[in-house]
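Below is one structure, written out as structure tokens, with a few remarks after it.
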Amino acid sequence: MWGILRKKNAQASSSAAYEPAPASYAQWSACLDALAKQDNDEACLQQLQSGQLAWTGGVAPMFGKRVSEEIERRLSTCSERMTRDFKLSTHETMIIHAILQARGQLNFLHRLCQLPVLPGATQEHLMHEIQKFAERAQNSLEDTAKADRSGKLTSLLRHTPLTRYTDLAAVATPTTAIQAAGSASAVRKRNILL
């Protein structure tokens, strides 16, 4: 089963890598549609970063609206996922995992806001919205943690803040972890019997 998934992911990433960089609004729209599917976010982002767009009167508001809607949708999804993960978490490692996952999503959105075709004011506005979301979520988590009498949860949230999403390097995705595990198991074939 994992072999089929790896082949499918490899085909999707290789097909996305050979697509031309978007130049017209129709091509940008197709890229944003692919980004909305969340199949291969990193490849879509690389493709978007290499694209060009002429900022004419009608294109600029439509493109800005599409990017803004995608960021808003992903922030909403991130919030819902964090809420679910914190309700289901029973151990400190699960809480840290939920925070790191949310930070990874915020890091991706931060990089999406820095598309070279976006004007500086639009980039700053979108990044400010992401920062406000992270600060509100962090404050909400800390307020909720005050009910914990041991203080462990408060300490955990202060040492692993959600607001440090810009500090992340390239975040490993589950598909890359699966591919790494598959390649490592393919190399190791020696059995030693004593």
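The values are calculated or read from the model by the stated rules, or taken from the named source; none is laboratory data. Everything numeric here is computed off the predicted structure, so don't read it as measured data. Note that each Cβ is placed from the backbone with ideal geometry, even for glycine, and that neighbours are counted across all protein chains shown. Surface accessibility is based on the protein's heavy atoms, side chains included, excluding ligands, DNA and RNA. Shrake-Rupley method; radii C 1.70, N 1.55, O 1.52, S 1.80 Å.
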(request) Quick one: which residue in Thr122, Thr154, Thr163 is of a type in the set (Ser, Thr, Tyr), out of contact with any Gly (no Cβ under 7 Å at 6 or more places or on another chain), within 24 Å of Glu69 (Cα to Cα) and part of a helix (DSSP H, G or I)? (result) Thr163
(request) Determine which member of the set Glu124, Glu69 is open to solvent by 80 Å² or more (accessible area, probe 1.4 Å) and closer than 17 Å to Gln38 by Cβ. (result) Glu69
(request) Take segment 47-66 and flag every residue that is open to solvent by 40 Å² or more (accessible area, probe 1.4 Å) and either out of contact with any Leu (no Cβ under 8 Å at 6 or more places or on another chain) or more than 24 Å from Tyr165 (Cα to Cα) (or both). (result) Ser50, Gln52, Ala54, Trp55, Thr56, Gly57, Gly58, Pro61, Met62, Lys65
(request) Scan segment 67-98 residue by residue and report those that are without any contact (Cβ under 8 Å) to a residue 60 or more places away in the chain and touching an Asp or Glu at 6+ places or on another chain (Cβ under 9 Å). (result) Ser68, Ile71, Glu72, Leu75, Met94, His97, Ala98
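Yes or no, residue by residue, for (1) closer than 15 Å to Leu141 by Cα; (2) of a type in the set (S, T, N, Q); (3) at pLDDT below 95; (4) loosely packed, with under 12 Cβ neighbours inside 10 Å:
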{"position": "Ser89", "(1), (2), (3), (4)": "yes, yes, yes, no"}
{"position": "Met94", "(1), (2), (3), (4)": "yes, no, yes, no"}
{"position": "Ile99", "(1), (2), (3), (4)": "yes, no, yes, no"}
{"position": "Pro119", "(1), (2), (3), (4)": "no, no, yes, yes"}
